[in-house]
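A short write-up of the structure that comes next.
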Amino acid sequence: MEPLEVFEDNGSANLGIVRARFCPIVLLETFLQIVGTSYVERLVGALQNIGKMHHVVVVYYFVTMDTEKPQFPMRINKYLALQKLCTRREADKLIEKGLVILNGRPAVLGDKVQEKDKVEVKWRQTKWRYFAYYKPRGIITHSAQEGEEEIKEILPIEGVFPLGRLDKDSYGLIILTDDGRITDALLNPDRAHEKEYEVMTTEPLPANFKAKMERGVDIGGYVTKPCTVEVLGERKFSITLTEGKKHQIRRMCGFFGLATSHLLRKRIMNIKLGGLKSGEYRPIQGAELDAFMKSLGF
């Protein structure tokens, strides 16, 4: 594949092109900041490798960003979110209630903030809730279809939502909260937070299982990032990932021709399942919560 080429466009945005040799495919999206250039290049390679298209051109359009320093002026709801005071949606609600002051006057929706502007919030929520929850096997994390059950239908806690998901046949640790600020900080793939799982397979693990899994395996046009694996038995192992592709562990096992019979998530960062039983939950608080929030940048 040819290297990425970048061209200036009116000084405000960049046009990036990833080239390969034959028929082009063109994607006009503003997703580069989210997925990154390397992902686009892997996507091109994946499409070629699986034979869906022999030669690809990917075009994407994106606003130039300086990740070290915020770009001013910016919308006031984005400013409040970057200050980690609330989410953008919550900021809009505070603004509508007249609780946000910009340079001595009540802010209005759509206001732009300059770097030297003074922004005050008269009130914001200071007591968010966080829970470690043991999702039972057979329960959908959210968006259940007819005939299925999801967490909110069986959980006796009102007003919280799951951070991330476990598929229906997987079980174990899910973090529940009403704090929307931390969603991106926890789930953004660029953050590379550790998640630990315990897995059982239907057949014995091959001799080269640990070494190959830790180096990364091809799960259909994508090679997984390095991880940590500990073999616990003939058909049992633990794995610590810093990414979360769909059905990743099952697909990694599939690389060896193995199927999984049990898949338990034991840990997310410093939050452990501990002694919780299926369907039980506990509050995350004290030093455990402090360490968790600090790792997320709060």
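Since every read-out is calculated from the coordinates, none of them should be taken as a lab result. Please read these numbers as outputs of a predicted model, since none were measured by experiment. No Cβ is skipped: glycine too gets one built from the backbone with ideal geometry, and neighbour counts run over all protein chains shown.
As a proxy for reagent exposure, ranking 213, 200, 293 by other Cβ atoms within 10 Å from fewest up yields 200, 293, 213. In units of the rule-of-thumb radius 2.2 N^0.38 Å, region 183-288 shows an alpha carbon radius of gyration of 1.13.
Loop-located trypsin sites (Lys or Arg not before Pro) in region 82-188 (DSSP state not H, G, I, E or B) with no more than 12 neighbouring Cβ atoms inside 10 Å: 97, 116, 118, 122, 127.
Residues 163, 241, 187 in ascending order of nearby Cβ atoms (within 10 Å, fewest first): 187, 163, 241. Between residue 158 and residue 225, the modelled labels are 3.9 nm apart [label points 7 Å from Cα along Cα→Cβ].
Fully extending the segment from residue 105 to residue 212, taken as 0.36 nm per residue of separation minus the present Cα-Cα distance, adds 32.5 nm. Straight-line reach from residue 93: taking Cα to Cα under 27 Å and skipping same-chain neighbours fewer than 8 places apart, the lysines in range are 69, 78, 84, 112, 116, 118, 122, 127, 152, 294. Can you pull out the GluC sites (Glu not before Pro) in region 133-215 that DSSP calls coil and that have at most 15 other Cβ atoms within 10 Å? Passing sites in region 133-215 are 146, 148, 149, 158, 194. Loop-resident chymotrypsin sites (Phe, Trp or Tyr not before Pro) (DSSP state other than H, G, I, E or B) in region 211-270 with no more than 16 further Cβ atoms inside 10 Å of their Cβ: 256. Our compactness index for region 129-220, the C-alpha radius of gyration over the empirical 2.2 N^0.38 Å, is 1.32.
Cβ crowding within 10 Å ranks 100, 231, 119 as 231, 119, 100, fewest other Cβ atoms first.
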